There are 2 protein chains.
Amino acid sequence: MDAKDRQIIRALQANGRMTNQDLAAEVNLSPSPCLRRLRNLEDSGTLRGYSAEVDAKAYGLPITVFVRIRLERHNEDDVRRFESRIHAIDEVLECHVLTGASDYQLRVVVPGLDAYEDFIRHRIHPIGGIASIDTSFVYSTVKKTNVFPVID
Amino acid sequence: MDAKDRQIIRALQANGRMTNQDLAAEVNLSPSPCLRRLRNLEDSGTLRGYSAEVDAKAYGLPITVFVRIRLERHNEDDVRRFESRIHAIDEVLECHVLTGASDYQLRVVVPGLDAYEDFIRHRIHPIGGIASIDTSFVYSTVKKTNVFPVID
DNA sequence: CCCATATTGGCAGATAATGCCAAAATTTCA
DNA sequence: TGAAATTTTGGCATTATCTGCCAATATGGG
(Lines give C-alpha, C1' and ligand atoms only; values in the text may rest on other atoms or scores of the structure.)
Protein backbone atom coordinates (compact mmCIF):
# COMPACT_ATOMS: atom_id res chain seq x y z
CA MET A 1 0.00 0.00 0.00
CA ASP A 2 1.86 3.01 -1.28
CA ALA A 3 0.77 6.47 -2.41
CA LYS A 4 -0.05 5.13 -5.89
CA ASP A 5 -2.39 2.48 -4.46
CA ARG A 6 -4.16 5.12 -2.39
CA GLN A 7 -4.48 7.27 -5.51
CA ILE A 8 -6.08 4.34 -7.34
CA ILE A 9 -8.43 3.78 -4.41
CA ARG A 10 -9.55 7.41 -4.27
CA ALA A 11 -10.08 7.50 -8.04
CA LEU A 12 -12.32 4.44 -7.83
CA GLN A 13 -14.17 5.83 -4.81
CA ALA A 14 -14.97 8.87 -6.94
CA ASN A 15 -15.92 6.78 -9.99
CA GLY A 16 -16.12 3.04 -9.42
CA ARG A 17 -16.96 2.24 -13.02
CA MET A 18 -14.18 4.14 -14.75
CA THR A 19 -12.26 2.07 -17.28
CA ASN A 20 -8.82 0.78 -16.47
CA GLN A 21 -7.45 2.98 -19.24
CA ASP A 22 -8.90 6.15 -17.69
CA LEU A 23 -7.78 5.04 -14.23
CA ALA A 24 -4.25 4.45 -15.54
CA ALA A 25 -4.20 7.91 -17.11
CA GLU A 26 -5.41 9.51 -13.87
CA VAL A 27 -2.69 7.94 -11.73
CA ASN A 28 0.05 8.27 -14.38
CA LEU A 29 0.58 4.60 -15.14
CA SER A 30 0.14 2.55 -18.25
CA PRO A 31 -2.87 0.21 -18.25
CA SER A 32 -1.00 -3.03 -17.45
CA PRO A 33 0.64 -2.13 -14.13
CA CYS A 34 -2.48 -0.20 -13.17
CA LEU A 35 -4.65 -3.26 -13.68
CA ARG A 36 -2.16 -5.39 -11.77
CA ARG A 37 -2.28 -3.04 -8.78
CA LEU A 38 -6.05 -3.00 -8.95
CA ARG A 39 -6.26 -6.81 -8.88
CA ASN A 40 -3.82 -6.92 -5.96
CA LEU A 41 -6.00 -4.49 -4.01
CA GLU A 42 -9.04 -6.61 -4.81
CA ASP A 43 -7.37 -9.92 -3.95
CA SER A 44 -5.98 -8.59 -0.67
CA GLY A 45 -9.46 -7.44 0.39
CA THR A 46 -8.50 -3.77 0.56
CA LEU A 47 -10.94 -3.14 -2.25
CA ARG A 48 -14.01 -4.98 -0.97
CA GLY A 49 -16.17 -4.39 -4.02
CA TYR A 50 -18.04 -1.83 -6.07
CA SER A 51 -21.49 -0.39 -5.74
CA ALA A 52 -23.94 1.90 -7.47
CA GLU A 53 -25.05 4.97 -5.55
CA VAL A 54 -28.79 5.31 -5.89
CA ASP A 55 -31.32 8.05 -5.17
CA ALA A 56 -33.33 6.21 -2.49
CA LYS A 57 -36.38 8.42 -3.04
CA ALA A 58 -36.42 7.74 -6.78
CA TYR A 59 -36.18 4.01 -6.06
CA GLY A 60 -39.16 4.27 -3.74
CA LEU A 61 -37.57 4.54 -0.28
CA PRO A 62 -37.94 8.21 0.70
CA ILE A 63 -37.39 7.72 4.45
CA THR A 64 -33.94 7.14 5.94
CA VAL A 65 -33.65 6.63 9.69
CA PHE A 66 -30.79 6.28 12.13
CA VAL A 67 -31.91 4.05 14.98
CA ARG A 68 -29.95 3.73 18.21
CA ILE A 69 -30.64 0.65 20.25
CA ARG A 70 -29.48 -0.37 23.71
CA LEU A 71 -29.81 -3.96 24.91
CA GLU A 72 -30.97 -4.99 28.40
CA ARG A 73 -28.31 -7.69 28.74
CA HIS A 74 -24.93 -8.08 27.05
CA ASN A 75 -24.23 -11.78 27.51
CA GLU A 76 -22.89 -13.59 24.47
CA ASP A 77 -26.17 -15.33 23.59
CA ASP A 78 -28.35 -12.22 23.63
CA VAL A 79 -25.80 -10.25 21.62
CA ARG A 80 -25.41 -12.97 19.01
CA ARG A 81 -29.18 -13.37 18.79
CA PHE A 82 -29.71 -9.65 18.25
CA GLU A 83 -26.99 -9.37 15.63
CA SER A 84 -28.14 -12.37 13.61
CA ARG A 85 -31.73 -11.09 13.63
CA ILE A 86 -30.52 -7.66 12.45
CA HIS A 87 -28.60 -9.33 9.63
CA ALA A 88 -31.79 -10.86 8.28
CA ILE A 89 -33.70 -7.58 8.01
CA ASP A 90 -33.49 -6.17 4.47
CA GLU A 91 -34.42 -2.61 5.48
CA VAL A 92 -31.33 -2.42 7.71
CA LEU A 93 -28.50 -1.33 5.46
CA GLU A 94 -25.96 -0.75 8.24
CA CYS A 95 -25.50 -1.74 11.86
CA HIS A 96 -22.52 -0.58 13.91
CA VAL A 97 -21.45 -1.23 17.48
CA LEU A 98 -20.78 2.12 19.15
CA THR A 99 -19.14 3.58 22.22
CA GLY A 100 -21.24 5.97 24.23
CA ALA A 101 -24.76 5.75 25.54
CA SER A 102 -26.15 3.35 22.91
CA ASP A 103 -24.96 -0.08 21.90
CA TYR A 104 -25.95 -0.14 18.23
CA GLN A 105 -26.67 2.34 15.47
CA LEU A 106 -28.70 1.16 12.50
CA ARG A 107 -29.29 2.87 9.16
CA VAL A 108 -32.72 1.90 7.90
CA VAL A 109 -34.61 2.78 4.70
CA VAL A 110 -38.40 2.52 4.37
CA PRO A 111 -41.09 3.64 1.91
CA GLY A 112 -43.01 5.66 4.52
CA LEU A 113 -43.72 6.39 8.16
CA ASP A 114 -46.19 3.54 8.40
CA ALA A 115 -43.54 1.15 7.16
CA TYR A 116 -41.18 2.47 9.84
CA GLU A 117 -43.75 1.80 12.55
CA ASP A 118 -44.16 -1.71 11.12
CA PHE A 119 -40.39 -2.15 11.14
CA ILE A 120 -40.07 -1.24 14.83
CA ARG A 121 -43.13 -3.21 15.96
CA HIS A 122 -42.72 -6.33 13.87
CA ARG A 123 -39.00 -6.58 13.18
CA ILE A 124 -37.19 -4.96 16.12
CA HIS A 125 -39.40 -5.40 19.21
CA PRO A 126 -39.99 -9.15 18.60
CA ILE A 127 -36.21 -9.71 18.93
CA GLY A 128 -36.62 -9.07 22.65
CA GLY A 129 -34.10 -7.94 25.24
CA ILE A 130 -34.14 -4.33 24.03
CA ALA A 131 -33.75 -1.64 26.69
CA SER A 132 -34.29 1.44 24.52
CA ILE A 133 -34.75 2.64 20.95
CA ASP A 134 -33.92 6.15 19.84
CA THR A 135 -35.10 7.20 16.37
CA SER A 136 -33.64 10.03 14.29
CA PHE A 137 -35.12 10.70 10.85
CA VAL A 138 -32.90 12.20 8.16
CA TYR A 139 -34.32 15.55 7.02
CA SER A 140 -31.65 16.21 4.44
CA THR A 141 -28.07 15.35 3.60
CA VAL A 142 -25.55 18.19 3.70
CA LYS A 143 -22.59 16.14 2.47
CA LYS A 144 -22.00 12.63 1.22
CA THR A 145 -18.76 11.44 -0.34
CA ASN A 146 -17.08 8.09 -0.65
CA VAL A 147 -13.62 9.50 -1.26
CA PHE A 148 -11.18 9.11 1.63
CA PRO A 149 -8.93 12.02 2.59
CA VAL A 150 -5.37 12.03 1.29
CA ILE A 151 -2.96 10.72 3.96
CA ASP A 152 0.86 10.63 4.29
CA MET B 1 -39.12 3.04 -12.86
CA ASP B 2 -40.52 -0.44 -13.06
CA ALA B 3 -39.57 -3.73 -11.43
CA LYS B 4 -36.90 -4.35 -14.07
CA ASP B 5 -35.24 -0.99 -13.34
CA ARG B 6 -35.21 -1.79 -9.62
CA GLN B 7 -33.70 -5.18 -10.42
CA ILE B 8 -30.94 -3.46 -12.40
CA ILE B 9 -30.35 -1.05 -9.52
CA ARG B 10 -30.07 -3.81 -6.93
CA ALA B 11 -27.72 -5.81 -9.15
CA LEU B 12 -25.44 -2.79 -9.50
CA GLN B 13 -25.63 -2.03 -5.78
CA ALA B 14 -24.35 -5.56 -5.20
CA ASN B 15 -21.66 -5.29 -7.88
CA GLY B 16 -21.19 -1.86 -9.39
CA ARG B 17 -18.51 -2.98 -11.82
CA MET B 18 -20.29 -5.93 -13.40
CA THR B 19 -20.29 -5.88 -17.19
CA ASN B 20 -23.42 -4.94 -19.08
CA GLN B 21 -23.51 -8.48 -20.46
CA ASP B 22 -23.58 -10.03 -16.98
CA LEU B 23 -26.10 -7.44 -15.83
CA ALA B 24 -28.31 -8.22 -18.81
CA ALA B 25 -28.12 -11.94 -18.05
CA GLU B 26 -29.02 -11.36 -14.40
CA VAL B 27 -32.14 -9.33 -15.17
CA ASN B 28 -33.17 -11.48 -18.18
CA LEU B 29 -32.65 -8.94 -20.93
CA SER B 30 -30.34 -8.82 -23.89
CA PRO B 31 -27.42 -6.37 -23.61
CA SER B 32 -28.90 -3.56 -25.76
CA PRO B 33 -32.11 -2.80 -23.88
CA CYS B 34 -30.29 -3.38 -20.61
CA LEU B 35 -27.71 -0.75 -21.48
CA ARG B 36 -30.44 1.63 -22.60
CA ARG B 37 -32.26 1.26 -19.26
CA LEU B 38 -28.98 1.76 -17.44
CA ARG B 39 -28.23 5.00 -19.31
CA ASN B 40 -31.76 6.25 -18.64
CA LEU B 41 -31.31 5.63 -14.91
CA GLU B 42 -27.98 7.46 -15.03
CA ASP B 43 -29.31 10.38 -17.06
CA SER B 44 -32.36 10.81 -14.84
CA GLY B 45 -30.14 10.98 -11.76
CA THR B 46 -31.63 7.88 -10.15
CA LEU B 47 -28.23 6.25 -10.49
CA ARG B 48 -25.98 8.96 -9.02
CA GLY B 49 -22.70 7.19 -9.67
CA TYR B 50 -20.50 4.27 -8.74
CA SER B 51 -17.96 3.80 -6.00
CA ALA B 52 -15.38 1.38 -4.71
CA GLU B 53 -15.90 0.02 -1.21
CA VAL B 54 -12.63 0.18 0.64
CA ASP B 55 -11.31 -1.29 3.88
CA ALA B 56 -10.65 1.98 5.72
CA LYS B 57 -8.17 0.35 8.08
CA ALA B 58 -6.11 -1.11 5.21
CA TYR B 59 -6.08 2.35 3.59
CA GLY B 60 -4.78 3.86 6.81
CA LEU B 61 -7.93 5.23 8.47
CA PRO B 62 -8.70 2.76 11.27
CA ILE B 63 -10.98 5.08 13.29
CA THR B 64 -14.56 5.81 12.23
CA VAL B 65 -16.61 8.20 14.36
CA PHE B 66 -20.21 9.33 14.36
CA VAL B 67 -20.36 12.88 15.68
CA ARG B 68 -23.61 14.56 16.69
CA ILE B 69 -23.55 18.32 16.77
CA ARG B 70 -26.12 20.84 17.99
CA LEU B 71 -25.89 24.50 17.06
CA GLU B 72 -26.51 27.40 19.45
CA ARG B 73 -28.52 29.39 16.92
CA HIS B 74 -30.44 28.27 13.86
CA ASN B 75 -30.68 31.46 11.84
CA GLU B 76 -29.97 31.13 8.13
CA ASP B 77 -26.47 32.64 8.27
CA ASP B 78 -25.14 30.42 11.05
CA VAL B 79 -26.60 27.30 9.45
CA ARG B 80 -25.17 28.13 6.03
CA ARG B 81 -21.80 28.94 7.56
CA PHE B 82 -21.69 25.65 9.47
CA GLU B 83 -22.69 23.58 6.46
CA SER B 84 -20.22 25.19 4.07
CA ARG B 85 -17.38 24.70 6.58
CA ILE B 86 -18.35 21.05 7.02
CA HIS B 87 -18.28 20.59 3.24
CA ALA B 88 -14.66 21.65 3.10
CA ILE B 89 -13.42 19.09 5.67
CA ASP B 90 -12.04 16.00 3.91
CA GLU B 91 -12.34 13.74 6.97
CA VAL B 92 -16.12 14.29 7.02
CA LEU B 93 -17.56 11.72 4.63
CA GLU B 94 -21.21 12.29 5.54
CA CYS B 95 -23.28 14.98 7.23
CA HIS B 96 -27.02 14.62 7.72
CA VAL B 97 -29.63 16.91 9.25
CA LEU B 98 -31.58 14.90 11.81
CA THR B 99 -34.76 15.07 13.83
CA GLY B 100 -34.41 14.49 17.54
CA ALA B 101 -32.04 15.96 20.11
CA SER B 102 -29.16 16.76 17.74
CA ASP B 103 -29.08 18.88 14.63
CA TYR B 104 -26.38 17.13 12.62
CA GLN B 105 -24.78 13.72 12.44
CA LEU B 106 -21.35 13.43 10.81
CA ARG B 107 -19.44 10.33 9.79
CA VAL B 108 -15.73 11.02 10.15
CA VAL B 109 -12.66 8.88 9.41
CA VAL B 110 -9.24 9.53 10.97
CA PRO B 111 -5.88 7.73 11.26
CA GLY B 112 -5.89 7.74 15.07
CA LEU B 113 -7.28 9.20 18.30
CA ASP B 114 -4.83 12.08 18.20
CA ALA B 115 -6.07 12.99 14.74
CA TYR B 116 -9.63 12.96 16.08
CA GLU B 117 -8.72 15.37 18.85
CA ASP B 118 -7.08 17.58 16.21
CA PHE B 119 -10.22 17.36 14.09
CA ILE B 120 -12.51 18.51 16.91
CA ARG B 121 -10.17 21.24 18.18
CA HIS B 122 -8.96 22.66 14.89
CA ARG B 123 -11.72 21.88 12.40
CA ILE B 124 -15.01 21.82 14.34
CA HIS B 125 -14.63 24.21 17.30
CA PRO B 126 -13.24 27.07 15.18
CA ILE B 127 -16.49 27.11 13.20
CA GLY B 128 -18.14 28.63 16.28
CA GLY B 129 -21.77 28.65 17.34
CA ILE B 130 -21.71 25.02 18.46
CA ALA B 131 -23.82 24.14 21.47
CA SER B 132 -22.77 20.52 21.94
CA ILE B 133 -20.75 17.71 20.41
CA ASP B 134 -21.47 14.05 21.10
CA THR B 135 -18.88 11.53 19.91
CA SER B 136 -19.50 7.80 19.26
CA PHE B 137 -16.62 5.67 18.05
CA VAL B 138 -17.38 2.64 15.90
CA TYR B 139 -16.14 -0.52 17.65
CA SER B 140 -17.20 -2.88 14.88
CA THR B 141 -19.66 -3.20 12.04
CA VAL B 142 -22.30 -5.91 12.33
CA LYS B 143 -23.86 -5.34 8.92
CA LYS B 144 -23.14 -3.20 5.89
CA THR B 145 -24.91 -3.56 2.57
CA ASN B 146 -25.63 -1.22 -0.30
CA VAL B 147 -28.49 -3.28 -1.69
CA PHE B 148 -31.94 -1.81 -1.19
CA PRO B 149 -34.81 -4.07 -0.13
CA VAL B 150 -37.17 -5.35 -2.81
CA ILE B 151 -40.33 -3.24 -2.94
CA ASP B 152 -43.71 -3.58 -4.74
C1' DC C 1 -59.33 -6.14 -33.33
C1' DC C 2 -56.14 -2.93 -35.19
C1' DC C 3 -53.06 0.83 -34.96
C1' DA C 4 -49.54 3.78 -32.57
C1' DT C 5 -45.93 3.71 -29.34
C1' DA C 6 -42.48 1.79 -26.63
C1' DT C 7 -39.34 -1.82 -25.87
C1' DT C 8 -36.55 -5.50 -27.33
C1' DG C 9 -32.81 -8.42 -29.72
C1' DG C 10 -29.12 -9.01 -33.02
C1' DC C 11 -25.43 -7.40 -35.69
C1' DA C 12 -21.05 -4.76 -36.77
C1' DG C 13 -17.52 -1.50 -35.86
C1' DA C 14 -15.17 0.73 -32.04
C1' DT C 15 -13.28 0.45 -27.49
C1' DA C 16 -11.39 -1.86 -23.47
C1' DA C 17 -9.42 -5.82 -20.81
C1' DT C 18 -5.88 -9.18 -20.09
C1' DG C 19 -1.79 -12.28 -20.34
C1' DC C 20 3.00 -12.41 -21.80
C1' DC C 21 7.68 -10.78 -22.28
C1' DA C 22 11.46 -7.66 -22.36
C1' DA C 23 13.08 -3.20 -20.37
C1' DA C 24 13.47 -0.03 -16.60
C1' DA C 25 13.52 1.07 -11.82
C1' DT C 26 14.20 -0.14 -7.10
C1' DT C 27 16.12 -2.65 -3.35
C1' DT C 28 19.59 -5.56 -1.11
C1' DC C 29 23.94 -6.82 0.31
C1' DA C 30 28.68 -7.09 -0.07
C1' DT D 1 29.54 2.65 -3.63
C1' DG D 2 28.53 -0.87 -7.08
C1' DA D 3 26.54 -4.87 -8.91
C1' DA D 4 23.19 -8.58 -8.62
C1' DA D 5 18.48 -9.82 -7.46
C1' DT D 6 13.87 -8.49 -7.19
C1' DT D 7 10.06 -5.82 -8.21
C1' DT D 8 7.56 -2.95 -11.16
C1' DT D 9 6.62 -1.12 -15.55
C1' DG D 10 5.21 -0.57 -20.63
C1' DG D 11 3.99 -2.40 -25.14
C1' DC D 12 1.82 -5.75 -27.95
C1' DA D 13 -1.53 -9.23 -29.55
C1' DT D 14 -5.57 -11.73 -28.39
C1' DT D 15 -9.94 -11.90 -26.42
C1' DA D 16 -13.90 -9.85 -24.50
C1' DT D 17 -17.02 -5.99 -24.02
C1' DC D 18 -19.41 -1.76 -25.39
C1' DT D 19 -22.48 0.80 -28.21
C1' DG D 20 -25.24 2.65 -32.11
C1' DC D 21 -28.46 1.23 -35.67
C1' DC D 22 -32.37 -1.33 -37.62
C1' DA D 23 -35.92 -4.65 -37.91
C1' DA D 24 -38.99 -7.42 -35.04
C1' DT D 25 -41.75 -8.07 -31.03
C1' DA D 26 -44.58 -6.66 -27.30
C1' DT D 27 -47.74 -3.22 -25.02
C1' DG D 28 -51.65 -0.14 -24.48
C1' DG D 29 -55.64 2.75 -26.26
C1' DG D 30 -59.56 3.41 -29.01
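Here are the numbers for this structure:
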read-out	value
Tensor-based shape of segment A:70-135 (alpha-carbon gyration tensor, a/c under 1.5 rounded, otherwise prolate or oblate)	prolate
A:HIS96 - accessible surface, heavy atoms, 1.4 Å probe, Å² rounded to 10	20 Å²
Label geometry 7 Å along the beta-carbon vector: B:ALA131 inter-copy distances in nm	2.6
Computed label-point distance, nm, for sites A:SER132 and B:ASP134 using a 7 Å Cα→Cβ extension	0.9 nm
Nearest 10 degrees, 0 to 90: helix A:3-14 Cα axis against chain A principal axis	60 degrees
Calculated FRET value between A:ASP22 and B:THR19, using beta carbons and R₀ = 22 Å, to 0.05	0.85
Shortest-first distances to equivalent copies, position A:ASP22, nm, label 7 Å out along Cβ	1.9
Spatially proximal lysines relative to A:LYS4 (Cα-Cα < 25 Å; intrachain offsets below 8 disregarded)	A:LYS144, B:LYS57
Karplus-derived 3J(HN,Hα), 6.51/-1.76/1.60, for each residue of segment B:88-97, Hz, glycine and proline x	7, 8, 5, 5, 7, 8, 9, 8, 10, 8
For chain B, calculated [θ]222 nm from helices alone, where every DSSP H run of n ≥ 4 adds -39500 (n - 2.57)	-10000 deg cm²/dmol
³J(HN,Hα), Karplus 6.51/-1.76/1.60, whole Hz, each residue of segment A:55-69, x for Gly, Pro	5, 4, 5, 5, 6, x, 10, x, 9, 10, 9, 9, 10, 10, 10
Cα long-axis angle, helix A:76-87 against chain A (0 to 90 degrees, to the nearest 10)	70 degrees
Tensor-based shape of segment B:38-152 (alpha-carbon gyration tensor, a/c under 1.5 rounded, otherwise prolate or oblate)	oblate
With every protein chain in place, the protein assembly as shown: carbon and sulfur % of accessible area (1.4 Å)	46 percent
Crossing angle, helix B:31-43 versus chain B [Cα axis fit, 0-90 degrees, rounded to tens]	30 degrees
Anisotropy class of the protein assembly as shown from Cα gyration tensor, a/c 1.5 cut	oblate
Per-copy distances of the A:THR99 label point, shortest first, in nm (7 angstrom along Cα→Cβ)	3.1
Axis proximity, chain B to A: residue whose C-beta lies nearest, plus whole-Å distance	B:GLY16, 2
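The values are calculated or read from the model by the stated rules, or taken from the named source; none is laboratory data. Quantities reported herein were computed from a predicted structural model and do not represent experimental measurements. In this analysis, Cβ positions are derived from the backbone assuming ideal geometry, glycine residues included, and neighbour counts consider all displayed protein chains. These accessible areas exclude ligands, DNA and RNA; they are computed on the full protein's heavy atoms, side chains included. Shrake-Rupley method; radii C 1.70, N 1.55, O 1.52, S 1.80 Å.
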